[in-house]
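Structure first, then comments.
Rule-based calculations on the coordinates, nothing more; no lab input. For clarity, every value in this text was computed on a predicted model and none was experimentally measured. Ideal geometry is used to build each Cβ from the backbone, glycine not excepted, and the neighbour counts take in all protein chains shown.
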Amino acid sequence: MGGVIELRCVRCGRRYPPDEVAYTCPSCGDEGTLDVLYDYPALRRELDRERLSRNPERTMWRYAPLLPVQQLRLAAPLTVGWTPLYRVDGLASELGLARLYIKDEGRNPSASLKDRASAVALVRAREASAPVIAAASTGNAASSLACLCAAVGQRCVLLVPETAPPAKVAQLLIFGAEVRLVRGTYDDAFDLCMAACRAYGWYNRNTGVNPYLGEGKKTVALEICEQLEWQAPDLIFVPVGDGCILGGVDKGLRDLLSLGWIERMPRLIGVQAEGSAALANAWRRGSTAVEPVIPQTLADSISVGRPRDALKALRAVRESGGAFVTVSDAEILEAMQLLGRSTGVFAEPAGAAALAGLMCMARRGDLPGDQTAVALITGNGLKDIASALRAVPEPPRIEPSLEALRQSLAAGGIRLHRGSQ
Ligand SMILES: *Cc1c(COP(=O)(O)O)cnc(C)c1O
Ligand SMILES: [Zn+2]
């Protein structure tokens, strides 16, 4: 099982041999999500940053020794991970930061960070010869699983709320998955998927249940640190729905600390939509008891009433000295537009939320000016065009004549150059 030596319950701390438990802690139930732990002293002997830097593999599998998989030949032959980390100086100075980087996760095969988790789930399901992999999803986990399964001919069943954005549903259908649109919320689809996996023995790719998904997601943190030449940033902004990405980023950084490859822990900032802020609310109360909310935000990927990876997410923020920030839908749309026009990166609403959280802290004066920050842009904007169009004004319509164009440009305050009349 790779270098995995044990699974440890986040809630009660009980430890299990990796082949003894498939999903959550038997004594804690659903809340008992598990940490996947490796033989770090052995890894330290076998692996170092120097050797890693010579590895020509430009995908998440360059970190294979730190992942819970044995048979890499079972991975989908698609390029997951090693996405660009852009330094965006213009945007940084606009926000009063010394250095700002954006990690463009929209560059993954299905256009979101979820591919990192699905990639690990797919290998593990195939190692176990599972006939079917199932997932409930607000959209991206499903489109990601459908994409990777298509590449290897694996069957998958996907349960998504009927309100999922059409582009994401289109992805599922084009990838040939078994799709059911559930009349209900993501939380309803999730509960249905759990029941189906129990009833039919399907491999469960549900967030907050399958401990190995966070292991896939942690690779984004490994990459950020490697791309910054092992100088960990001061702050990482992570959009949060279930909390699995946040928990995964935290885990990746903990692994790097255990290996001695980074020296300090960045502060992790979880960003939630105001209308879907169950984790931010719990954090503000200083509690680990999460009260469900009725989620209401246009950022569908972080629209979650009952976060499934609550304990890992809360721990990540608390132990890193970070914070939760909540942002309104208007702030998310503003961030989407600012990101697009100042960097050329088009984010879906949840992805833009990371930047919205950063803008919010910058405005409140909560960001020291000498810091290096990274914003995780978790998904591509083409996945949800309807929301994007709400962020921008409609362009003027004109007759196809030079005169009409001149008048319209002048009305828009655009100065014309030499040769114009
Ligand atoms: C799933 C997702 C998130 C939130 O991740 P959680 O693990 O649910 O917190 C954020 N952004 C995008 C684009 C996503 O697909
Ligand atoms: Zn437990």
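Of all the Cα-Cα pairs you can form in segment 15-73, what percent are over 17 Å apart? Value for segment 15-73: 54 percent of Cα pairs lie more than 17 Å apart. Which of rounded, prolate or oblate describes segment 260-300 when judged by the alpha-carbon gyration tensor and an a/c cut-off of 1.5? Oblate is the answer for segment 260-300, as a/c is 1.5 or above yet b/c matches or exceeds a/b. The long axis of helix 186-200 is offset from the longest Cα principal axis of the chain by roughly 30 degrees. When the square roots of the Cα gyration tensor eigenvalues are ordered a ≥ b ≥ c, the ratio a/c for segment 177-237 is 1.5 or more and a/b exceeds b/c, which makes its shape prolate. When all alpha carbon pairs of segment 332-371 are counted in 5 Å bins from zero, the resulting P(r) reads 6, 28, 26, 20, 16, 4 %.
Treating each Cα of the chain as one equal point scatterer and applying the Debye formula with no solvent, the log10 of I(q)/I(0) at q = 0.08 Å⁻¹ comes out as -0.42. From its DSSP helices (H runs of at least four residues, each -39,500 (n - 2.57)), the chain gives a residue-normalised ellipticity at 222 nm of -11500 deg cm²/dmol. Put simply, when 180-191, 209-220 are sorted by average Cβ atoms within 10 angstrom per residue, most first, you get 209-220, 180-191. Taking the centroid of alpha carbons for each part, segment 74-147 and segment 154-226 are 13 Å apart.
Please quote Rg/Rh for segment 32-155 to two decimal places, taking the Kirkwood radius as Rh and restricting both calculations to Cα atoms. Result for segment 32-155 is an Rg/Rh of 1.03. Among 392-399, 15-22, the peptide with the highest mean count of other Cβ atoms within 10 Å heads the list, and the full ranking is 15-22, 392-399. Taking the C-alpha atoms only, the angle from helix 329-343 to the longest principal axis of the chain is near 80 degrees.
Only counting other Cβ atoms within 10 Å, I'd like Ser144, Ser110 sorted with the fewest neighbours first.
The order, fewest Cβ neighbours first, is Ser110, Ser144.
Measure up Lys114/Lys168; Lys114/Lys312; Lys168/Lys312; Lys312/Lys383 against 24 Å on the Cα-Cα distance and list the ones that go over.
Lys168/Lys312; Lys312/Lys383
With the Cα gyration tensor of segment 274-421 giving a ≥ b ≥ c as the square roots of its eigenvalues, does the rule (a/c under 1.5 for rounded; else a/b larger than b/c for prolate; else oblate) give rounded, prolate or oblate? Note, shape of segment 274-421 comes out prolate.
Among Phe237, Phe346, a tally of other beta-carbon atoms within 10 Å of each Cβ gives an order, fewest to most, of Phe346, Phe237.
Note that segment 374-383 has calculated 3J(HN,Hα) couplings of 10, 10, 7, 8, 7, x, 7, x, 5, 6 Hz, one per residue in order, obtained from phi through the Karplus relation 6.51 cos²θ - 1.76 cosθ + 1.60 (θ = phi - 60°); glycine and proline are x.
Taking amide H as placed 1.01 Å from N in the peptide plane, the amide H of Asp35 sits under 5 Å from that of Arg8, Cys9, Val10, each at least 5 places away or on another chain. Rounded to two decimals, the Cα radius of gyration of segment 129-222 over 2.2 N^0.38 Å is 1.02. Rounding to the nearest 10 and keeping the result within 0 to 90°, find how far the Cα-based axis of helix 244-259 lies from the longest principal axis of the chain. So the helix axis and the longest Cα principal axis differ by about 60 degrees.
For the chain, the share of DSSP beta bridges that are antiparallel, to the nearest 5, is 30%.
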